[in-house]
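A.B. asks: Here it is, the structure, as C-alpha cells.
The values are calculated or read from the model by the stated rules, or taken from the named source; none is laboratory data. Treat the numbers as computed from the prediction; the structure is a model and nothing was measured. Cβ sites come from the backbone with ideal geometry, for glycine too, and all protein chains shown count toward neighbours.
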Amino acid sequence: MMSEEAQPKRVTQAELARLLGVSRTAVNKAVKSNRITAGEDGHFDLEKALTDWKNNTRAAAKAVTGSGSPRLRGGQPKYASARARKEHHLANIASMREQQMLGELCKTSNVVSAGNEIGVVIRSHIDALLSSLPGELAHHDIDNIAETLDRRFIELLQGISADLEKRIKEAVRPEETNGRQS
C-alpha cells in the first residue's frame, strides 16, 4: 500500500475551480471538451488537473502562479467588473436625478435658455417703461415727475424680478412648471 505522501492529492470540481480562480462551469466545460480529465469517482488528481488546465486552456491558473489577473474576455474585463462599473454609473445618474429634483442641479441647456429669456424680459420691461413715460410725464411739474419715475422704476424692478424668478424656476425644474412629472 502507498503512503499518503506518495498518493496524488484528489480534489472535487468545486475545489479545483476555487484553486484555479474560475467558476465550476468553466471547469465543467473543460472536462466536457477533454481539456482536463476527472477520475471515475468524479474527483481530479490535483497536479495533473493543474498541468492540463495550464496547457489546454486560455485562462491562467491564478492560484498556481500567484500572479493571477482577472480573466479577460475579448479584451474586456470579466462580467463582474463590467457590472460593477455599470452599477456605479447608474448610482451616479440616480444621484444626479435626485439633485435635479431637489433643485440643486439643472441642465446646462435650460440655464442657457433661461439666460436668453431673461435678457428678453429685461429688454421688454425697459422698452415698455420708456414708451409710456413721455406721455405720463409731459405735463407734470418736477416733483410729480420725480415721484412718477420712482414709482415706475420700483414697478419695473418688481416686474423684472417676478419674471426672472418664474424663468429660473422653469429652467431648474421644468417638469413642475409645465404640470408634468418625470
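A.B. asks: Could you tell me how many of the residues in segment 142-171 are without any contact (Cβ under 8 Å) to a residue 12 or more places away in the chain and within 30 Å of Ser109 (Cβ to Cβ)?
C.D. replies: 7
A.B. asks: Return yes or no: is Val64 of a type outside the set (S, T, N, Q) and modelled with pLDDT of 85 or more?
C.D. replies: In short, no.
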